């Protein structure tokens, strides 16, 4: 059965109020469309855990720091709705830009510190826009659970902090990265890679793995652990590293010594396409 | 019957979940304690409009720009609970500071523009801290309605904007100012006035009224309308004006020409005590 598609905030509320009143749980999967198997995992996990699965499809203009990145973020709503249907979603919320921002937005949610490192350094205002739109979606859908992919680890950390510190009455559920057979993490941006870039792109995952192996075999220095990863990436003529760091998994701040729960995280350009990936390291 | 007093976020949620599940409406009256008849009006109006009335009593340290102001904001919880009982509140939420801020807060809600004028100019960070704690209270109580006094007109405008723009699923209910017989707006800070300051303080309301009269009798220039008000205040040796402005009622930005819904707003010091007051002017 096809999920309902709603475009208005008020319609979502009228649709979900009786669901909530009936004591049924609601799960939200926030997406920017262009759905792939990574999103599929988010929807499937929600389907297993809650009564009513809502997928939002909204390309949040303010979070794009580069206009060309926003413009190339084309989505096909019909395809995305069919994808949601196949994964068992109940409702797709696909608002136009003016439904989410009927007037110039003056209210922002800012998560300090966490937003300053990694992607935050290279994408000013990005996480403020992400936190703000997610807070809005939480206000509109009022979910019991919200599902976020671990690929966007810094986004996940920002949202988790926001939910805890603004006391949003919901649980954030992190969902593991889904990868292609060759290790490339699924991303809507992968489809923009030219064939030779696509062939080169798995070097990003291999680099992270090489750092992980060094740490597992006892290396306690982050720069040491990252050296072979950096060499792998530097040896690939199509790859240009934006950052490659070992960070504290909670604060996303780069660390020098290996201790505690960490992530090895990188952003690498392949031609005009910027890819991110990370590996979690349990303590 | 005495209202229940809860101090833990989790306890409030367990208490209110079944209320909500039963389809009963919840009203929140956020206060910093030291309750007076102004708060009484907020509670009474909530009592008339919702099934379950929650009064929060929490002195939000981060919103105080002056440590001496925070220190003198003493509250007597027992008195406040008795006050809530008399007005028919069902629940008092009185968390300790560490329940609201168990770790250093990194997440903030910022309402741009609106927070920059009037009190915002003189109390840096104040409205950010207010918006943030109110967002937290909304997350904890998840009210259908929240009641705010018009005396803190800028705070009201900041909260209304936040609720609209972050899509909080609730209605903000503004409640008119309650005044003493001599016109002084009720405030927890009035009790700090020395006797001679208390006798002088109604000049603030008289000044606002004089501006209102000039506007009603056809004056279209804000500086013109404010001139006699300013003279009244300047003639009072105990009063020191921080600001006196005609502002747009929605944006709180000072205006020069009289048009649209406005507020005449002032902050005036009497000795060590800062009082604010305002009058709404329908268009």
Tell me, please, whether a residue that is outside any helix (DSSP H, G or I), out of contact with any helix residue (DSSP H, G or I) (no Cβ under 8 Å at 6 or more places or on another chain) and within 30 Å of residue B:19 (Cβ to Cβ) can be found in the range A:35-52.
yes
Could you tell me whether the range A:68-90 includes any residue that is assigned to a loop (DSSP other than H, G, I, E, B), buried (at least 24 other Cβ atoms within 10 Å of the Cβ) and either within 14 Å of another protein chain (Cβ to nearest Cβ) or at pLDDT below 95 (or both)?
no
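Filter the range B:163-188 for residues that are more than 17 Å from residue A:136 (Cα to Cα), at pLDDT 95 or above and not in a loop (DSSP other than H, G, I, E, B) and give the result. Before the answer, list the steps.
Pass one, the range B:163-188, residues more than 17 Å from residue A:136 (Cα to Cα): B:173-188.
Retained after the next criterion (residues that are at pLDDT 95 or above): B:173-187.
Those that are more than 17 Å from residue A:136 (Cα to Cα), at pLDDT 95 or above and not in a loop (DSSP other than H, G, I, E, B): B:173, B:174, B:175, B:179, B:185.
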Please give the number of the condition residue A:194 fails out of (1) over 17 Å from the mean Cα position of the chain (by Cα); (2) closer than 16 Å to residue A:249 by Cα.
(2)
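Which residue is nearest to residue A:135 (Cα to Cα), if the candidates are limited to the range B:102-132 and must be surrounded by fewer than 17 Cβ atoms within 10 Å (Cβ to Cβ) and away from chain A (no Cβ under 11 Å)? So that I can check it myself, show each step before the final result.
First, pick out the residues of the range B:102-132 that are surrounded by fewer than 17 Cβ atoms within 10 Å (Cβ to Cβ): B:102-104, B:112-113, B:116, B:121-122, B:124-125.
Then keep just the ones that are away from chain A (no Cβ under 11 Å); that gives B:121-122, B:124-125.
Values: B:121: 27, B:122: 29, B:124: 24, B:125: 21 Å.
So, considering only residues that are surrounded by fewer than 17 Cβ atoms within 10 Å (Cβ to Cβ) and away from chain A (no Cβ under 11 Å), the one nearest to residue A:135 (Cα to Cα) is B:125.
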Filter the range B:93-112 for residues that are in contact with a strand residue (DSSP E or B) (Cβ under 6 Å, 6 or more places away or on another chain) and not in a loop (DSSP other than H, G, I, E, B) and give the result.
B:93, B:107, B:108, B:109, B:110, B:111
Among the candidates B:93, B:122, residue that is within 17 Å of the chain's Cα centre (by Cα) and touching a residue at least 12 places away in the same chain (Cβ under 8 Å):
B:122
Exactly one condition in (1) more than 28 Å from residue B:19 (Cβ to Cβ); (2) in contact with a helix residue (DSSP H, G or I) (Cβ under 8 Å, 6 or more places away or on another chain); (3) outside any helix (DSSP H, G or I) is not met by residue A:27; state its number.
(1)
Which ones in the range B:13-53 are buried (at least 22 other Cβ atoms within 10 Å of the Cβ) and within 14 Å of chain A (Cβ to nearest Cβ)?
B:16, B:26, B:28, B:30
Being within 17 Å of residue A:2 (Cβ to Cβ) and in contact with a helix residue (DSSP H, G or I) (Cβ under 8 Å, 6 or more places away or on another chain), is that true of even one residue in the range A:93-106?
yes
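The values are calculated or read from the model by the stated rules, or taken from the named source; none is laboratory data. Given the structure is predicted, the values throughout are model-derived calculations rather than measurements. Note that each Cβ is placed from the backbone with ideal geometry, even for glycine, and that neighbours are counted across all protein chains shown.
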